[in-house]
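Here the structure comes first, spelled out in structure tokens, and everything after it is commentary.
The values are calculated or read from the model by the stated rules, or taken from the named source; none is laboratory data. All values derive from a computational prediction rather than experimental measurement. All Cβ positions, glycine included, derive from the backbone under ideal geometry; neighbour counts span all protein chains shown.
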Amino acid sequence: MPERPRQVREKRSLQRRLARRRDKPRFLRYLSWRFWKFERREYWRKPKGNDNKMRLQVKGYPPIVKSGYGTDKRFRGLHPSGLEPVIVHNPRELEGLDREKHIVYIASSVGLKKRMQIRQKAQQLGLRVAN
């Protein structure tokens, strides 16, 4: 059986990763479902109480963050399209980038005039701009 090219294998595993991400639970802060002050701030905090049911992983309580929910090292930090994000501050920084590998983020500190120049140059080089 002939071996598939590396790109095809990586694309399939990337699709599997995206499917698994959809199955990952939303990690809730303990008692965020009970108190309004926690409901507004739904960021994760590790439960540390001595008798905390969530920390003890009692049935009926939300799951806690564990290493098993992490993504594969090969795809960690990639854009959902599978491309590697690069933050750009001026049009010159686009020159060494590959359109098959990279996706461009324009830095938030860049003004409108330079932002337009970066967009034009990216379009000429065939690079995708995410923001």
Exercise. Answer with yes or no whether Arg29 is surrounded by 13 or more Cβ atoms within 10 Å (Cβ to Cβ), assigned to a loop (DSSP other than H, G, I, E, B), touching a Gly at 6+ places or on another chain (Cβ under 8 Å) and of a type outside the set (A, V, I, L, M).
Key: no
Quiz item: Pairs under 6 Å by beta carbon, first residue closer than 13 Å to Tyr61 by Cα in the stretch 20-39, partner aromatic (Phe, Trp, Tyr) and part of a loop (DSSP other than H, G, I, E, B), six or more apart or different chains?
Solution: Phe27/Trp44
Quiz item: Of Glu10, Glu93, Glu42, which residue is surrounded by 12 or more Cβ atoms within 10 Å (Cβ to Cβ), free of Cβ contacts under 8 Å to residues at least 24 places away in the same chain and not in a loop (DSSP other than H, G, I, E, B)?
Solution: Glu93
Quiz item: Which of the following residues is assigned by TED's automatic domain parsing to the domain that holds Pro25, within 18 Å of the chain's Cα centre (by Cα) and not acidic (Asp, Glu): Lys59, Lys66?
Solution: Lys66
